[in-house]
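Enquirer: Right, I'll just put the structure down here and ask away after.
Read the figures in this text as sums done on the coordinates, not as results from a lab. These numbers come from a predicted model, not from an experiment. Glycine also receives a Cβ, built like all others from the backbone with ideal geometry; neighbour counts cover every protein chain displayed.
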Amino acid sequence: MRLLIALAMVGLLALAAPAGLAAEPLRLSTGMVEPWTRADGTGFHQVLVREVFARLGLEAEVEVNPASARAFVLANDGVTDGLAGRVAGIEDEYPNLIRVPERMFVNDFVACAAQPESTPASWAALAPRAVAHILGWQVFEHNLPTVRELTRTKDTQQLLNLLKAGRTEVILHERWQILSQAKAAGIALHVQEPPLTRVPMYIYLHRRHADQVDKVAATLRTMKADGSYEAIAETVFGGLGSAVTGLK
């Protein structure tokens, strides 16, 4: 009898194990900081991903990993469950990752200046200016023409310090991160409209979640149609400026 009870307990534990694993939140990583992610979990990526997966009856969390290459490897190896806010094409190099076909948002890369009349309206208009951007940002490395003076910095704070000190005329960055950090630093910033370029960004899931890919895409489309997507964007970005974002 004791042996039968022991075997029954082992069987119950075996059945319970998959359920326990299934209850674990999905972990997605992003390289984007405030206001896309925040320490209190109220960033755009965090709120949107939670809501999308909640509508599918799942829990999901977004963590920040600034080392993109490492984040891709962890997701591809299945250590994490996927990626949030990444460009198309990652699946070409990391075959275990499946891109959700509905874009998560559109990333705006912009020119910013201390005075509105100083902001250039195009890539070509940057040529006669003193320009600064963060070292390694490929969108600027690939598109920026030869400019009068070019400074590459290690981070956003250095960019803002250069502009505040008058040591550069124009800084290049992603719209919402630079606006958020400028606001926190008390630095007035003018962003040129329209952006220099716009890049669609996506959610990726590890192939073990392949059955969720189309469901996530459909849920994103539903949220864009029912107004809940825009409500999240307005809550997160509304205090930073009134520019049309085109996030959808």
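Enquirer: Over segment 107-197, what is the mean sequence separation of C-alpha contacts under 8 Å (at least six apart), divided by residue count, expressed as relative contact order in percent?
Expert: Result for segment 107-197 is 48 percent.
Enquirer: I need the Debye-formula profile for the chain: one equal scatterer per C-alpha, no solvent, reported as log10 I(q)/I(0) at q = 0.10, 0.11 1/Å, two decimals.
Expert: -0.55, -0.64
Enquirer: Still on this structure, I have one more. Write out the trypsin sites (Lys or Arg not before Pro) in segment 163-222 meeting two conditions: DSSP loop, and at most 15 other Cβ atoms within 10 Å of their Cβ.
Expert: On the way: sites: Lys164, Arg167, Arg175, Lys183, Arg198, Arg207, Arg208, Lys215, Arg221; in loops: Arg167.
Passing both the DSSP loop test and the Cβ count: Arg167.
Enquirer: I need the trypsin sites (Lys or Arg not before Pro) found in segment 66-107, filtered to DSSP loop residues with at most 16 other beta carbons within 10 Å of theirs.
Expert: Numbers: sites: Arg70, Arg86, Arg99, Arg103; in loops: Arg103.
Within segment 66-107, no trypsin sites (Lys or Arg not before Pro) qualify (loop, at most 16 other Cβ atoms within 10 Å).
Enquirer: Hey, another quick one. Viscosity 0.890 mPa s, temperature 25 °C: what is the translational diffusion coefficient of segment 107-197 from Stokes-Einstein with a Kirkwood Rh over Cα pairs, rounded to a whole number of µm²/s?
Expert: Estimated diffusion coefficient is 194 µm²/s.
Enquirer: Then there's this: For every helix of n ≥ 4 consecutive DSSP H residues, a contribution of -39,500 (n - 2.57) applies; sum these over the chain, divide by its total residues, and give [θ] at 222 nm rounded to the nearest 500 deg cm²/dmol.
Expert: On the way: 9 runs with 99 residues, N = 248.
It lands at -12000 deg cm²/dmol.
Enquirer: What is the distance, in nm, between label points placed 7 Å from the Cα along the Cα-to-Cβ direction at Lys224 and at Ala127?
Expert: My value for the distance between the label points is 3.6 nm.
Enquirer: While we're looking at this one, here's another question. What do you get for the angle between helix 44-54 and the principal long axis of the chain? Use alpha-carbon atoms, 0 to 90 degrees, nearest ten.
Expert: Computed tilt is about 30 degrees.
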